[in-house]
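First the structure, in the form of structure tokens, and then the observations on it.
The values are calculated or read from the model by the stated rules, or taken from the named source; none is laboratory data. Since this is a predicted model, take the numbers as computed values, not measurements. Don't worry about glycine lacking a Cβ; one is built from the backbone with ideal geometry, like all the others, and counts go over all protein chains shown.
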Amino acid sequence: MTKTIAEINEKIRKGQAVVVTAEEVIDIVEKKGVEKTAQEVDVVTTGTFGPMCSSGAYFNLGHSKPKIKVGGGRAYLNDVPVYTGFAAVDIFLGATAIPDDDPRNRIHPGPFNYGGGHVIEELVAGKDVRLAITAYGTDCYPRKRLETWIRLEDMNEAVLFNIRNAYQNYNVAVNLSDRTLYTYMGVLKPNMGNANYSTAGQLSPLFNDPYYKTIGIGTKIFLGGGIGYVAWHGTQHNPSVPRSDKGVPRAGAGTLAVIGDLKQMEPAWLVGTSMLGYGCTLTVGIGVPIPILSEEILRYTAVKDEDIFATIVDYSEAYPQRSPDILREVSYGELKGGRITIQGQEVPTASLSSYPKAVEIANTLKEWIQKGEFLLTEPVAPLPGVEAGITFKPLQERPIEE
């Protein structure tokens, strides 16, 4: 049994496509079997909603009178610095950018209340933000200072462009030391007081297409409450990690670079987030449709939390100092149970990724497809797979001679 995306799109146009979420398909396969389910189901929708630090947005501000050259100067949105190394009025705002006077150098970690992710959320919510520019002035761009309020609708272009999202598996973080750690995986209590993880498990997009057989460059997706696309494989894309017999990677593997029009997105799905003692980020909602082109593809989408394993890593020494020492592997079924056992100790678990929100994303995407508002796209090129031989390399430090 094989189908094509063109055939599935025709069924979507006619309102005849059978669409289920990655959560729903598990029970259907158990009841009806792979062969019958693959014949009946056309699309499986996925979802994830969690902190994704390698996110940001680029903007074209439009020209002032007289004109000002932002490129090479300094610019801020609500006191958060933006990158200005482009042309006259193009800027890029990173999700983790923080104000120059942020207390990031405190001896004792304090809250990071506001950063680039928060600015993005406020812009998407329709709020005014303060734009401040200082420039060196040229004959064609003579103005040297500009301060004004600006909102999303005032900008010519506003594009969310995230260079690494939707990680295909990730560490479970614990802390074996006797002091509290403040990390991008949240606050880690001493002596293994908690274990934090950050993946939606069986609903997560790349767990449902582990070998990237349907997700590729040009794949149309739910992004931040609007429409987006897979632009490239994400940074640190590492498909060559060990995998289970079902193809599930046992460590951080594939990633996606995604892009979409910020003006059509919603603040509920792009949320500025502060990590105590660490910094700021952006919590992003992503949903990817998986066309059921074959029984093989369906089998992948029927993956369960019990089939997905992550590695538990000590962040007190092994993570920052050397290649992480793996304490053990644990299934997402165990993690979502609320407690796991590590070295004979019972440890409470918590997720930085919201599973209920992931369900909502998968259901929203399902509804769009059922209404004929969202058609699938053929990838224009595949993502690098296991055969590409790509591995994530650490920085090779070399001394610089004075």
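Say we look at segment 371-402 and pick out the residues that are in the same structural domain as G287 (by TED's automatic domain parsing) and over 25 Å from the mean Cα position of the chain (by Cα); which of these is farthest from T219 (Cα to Cα)?
K371
Six or more apart or on different chains, Cβ atoms under 7 Å: show the pairs whose first residue is in segment 337-354 and on the phi > 0 side of the Ramachandran plot and whose second is modelled with pLDDT under 95.
So the pair list comes out as Q343/L327.
Considering E334, E296, E306, which residue is closer than 21 Å to E30 by Cβ, in contact with a Gly (Cβ under 7 Å, 6 or more places away or on another chain) and not in a loop (DSSP other than H, G, I, E, B)?
Sole residue among the options that is closer than 21 Å to E30 by Cβ, in contact with a Gly (Cβ under 7 Å, 6 or more places away or on another chain) and not in a loop (DSSP other than H, G, I, E, B): E306.
Within the group S244, S240, which residue is surrounded by fewer than 20 Cβ atoms within 10 Å (Cβ to Cβ), touching a residue at least 24 places away in the same chain (Cβ under 8 Å) and over 30 Å from E346 (Cβ atoms)? Full working, then the answer.
Numbers: S244 fails: over 30 Å from E346 (Cβ atoms).
Testing whether each residue is surrounded by fewer than 20 Cβ atoms within 10 Å (Cβ to Cβ), touching a residue at least 24 places away in the same chain (Cβ under 8 Å) and over 30 Å from E346 (Cβ atoms) leaves just S240.
On the basis of being of a type in the set (V, I, T), closer than 23 Å to L335 by Cβ, modelled with pLDDT of 95 or more and not assigned by TED's automatic domain parsing to the domain that holds L152, does T273 make the cut? Break it down stepwise before answering.
On the way: of a type in the set (V, I, T): yes; closer than 23 Å to L335 by Cβ: yes; modelled with pLDDT of 95 or more: yes; not assigned by TED's automatic domain parsing to the domain that holds L152: yes.
Criteria met by T273.
Just to be sure before I move on: is A358 in the same structural domain as V43 (by TED's automatic domain parsing), surrounded by fewer than 18 Cβ atoms within 10 Å (Cβ to Cβ), small (G, A, S) and under 24 Å from the mean Cα position of the chain (by Cα) in the structure I sent?
Answer is no for this residue.
Name the residues in segment 325-336 that are more than 15 Å from N169 (Cα to Cα) and in contact (Cβ under 8 Å) with a residue 40 or more places away in the chain, would you?
Matches in segment 325-336: L327 only.
Of the residues D305, D261, only one is assigned by TED's automatic domain parsing to the domain that holds V187, of a type outside the set (F, W, Y) and closer than 28 Å to P324 by Cβ; which? It would help to see each step written out before you state the result.
Details: D261 fails: closer than 28 Å to P324 by Cβ.
Matching residue, one of D305, D261: D305.
Conditions tested, residue by residue: (1) under 23 Å from N169 (Cα atoms); (2) among the hydrophobic types (A, V, I, L, M, F, W, C).
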{"site": "S354", "(1), (2)": "yes, no"}
{"site": "V359", "(1), (2)": "yes, yes"}
{"site": "G372", "(1), (2)": "no, no"}
{"site": "V380", "(1), (2)": "no, yes"}
{"site": "L383", "(1), (2)": "yes, yes"}
{"site": "G389", "(1), (2)": "yes, no"}
{"site": "F392", "(1), (2)": "yes, yes"}
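Residue check, E30 against (1) touching a Gly at 6+ places or on another chain (Cβ under 8 Å); (2) under 30 Å from A17 (Cβ atoms); (3) surrounded by fewer than 17 Cβ atoms within 10 Å (Cβ to Cβ), all met but one. Which one?
Here E30 clears every test but (1).
For segment 57-170, list the strands (runs of 3 or more DSSP E) that sit wholly inside it and hold at least 3 residues that are farther than 30 Å from P239 by Cα and of a type outside the set (A, V, I, L, M); which are they?
145-150
From the list V288, V303, V284, pick out the single residue that is within 20 Å of H118 (Cα to Cα) and in contact (Cβ under 8 Å) with a residue 40 or more places away in the chain.
Going through V288, V303, V284 in turn, just one is within 20 Å of H118 (Cα to Cα) and in contact (Cβ under 8 Å) with a residue 40 or more places away in the chain: V284.
Here is a yes/no grid of residues against (1) aliphatic (A, V, I, L, M); (2) within 16 Å of the chain's Cα centre (by Cα); (3) part of a loop (DSSP other than H, G, I, E, B):
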{"site": "T273", "(1), (2), (3)": "no, yes, no"}
{"site": "G277", "(1), (2), (3)": "no, no, yes"}
{"site": "T281", "(1), (2), (3)": "no, yes, no"}
{"site": "T311", "(1), (2), (3)": "no, no, no"}
{"site": "L327", "(1), (2), (3)": "yes, no, no"}
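Select from segment 171-183 the residues that are part of a loop (DSSP other than H, G, I, E, B) and of a type outside the set (V, I, T) and list them in ascending order.
Within segment 171-183, N171, N175, L176, S177, D178, R179 qualify.
Name the single residue that is surrounded by the fewest Cβ atoms within 10 Å (Cβ to Cβ) among those in segment 1-25 being in contact (Cβ under 8 Å) with a residue 40 or more places away in the chain, touching a helix residue (DSSP H, G or I) at 6+ places or on another chain (Cβ under 7 Å) and not small (G, A, S).
My answer is M1.
Scanning for something out of contact with any Pro (no Cβ under 6 Å at 6 or more places or on another chain), buried (at least 18 other Cβ atoms within 10 Å of the Cβ) and over 14 Å from G201 (Cα atoms), does segment 390-401 turn up at least one residue?
No, there is no match, as no residue in segment 390-401 is out of contact with any Pro (no Cβ under 6 Å at 6 or more places or on another chain), buried (at least 18 other Cβ atoms within 10 Å of the Cβ) and over 14 Å from G201 (Cα atoms).
Using the structure shown, decide if L335 is under 25 Å from L365 (Cβ atoms) and within 22 Å of the chain's Cα centre (by Cα). Step through it out loud before you land on a result.
Numbers: under 25 Å from L365 (Cβ atoms): yes; within 22 Å of the chain's Cα centre (by Cα): yes.
So L335 passes the test.
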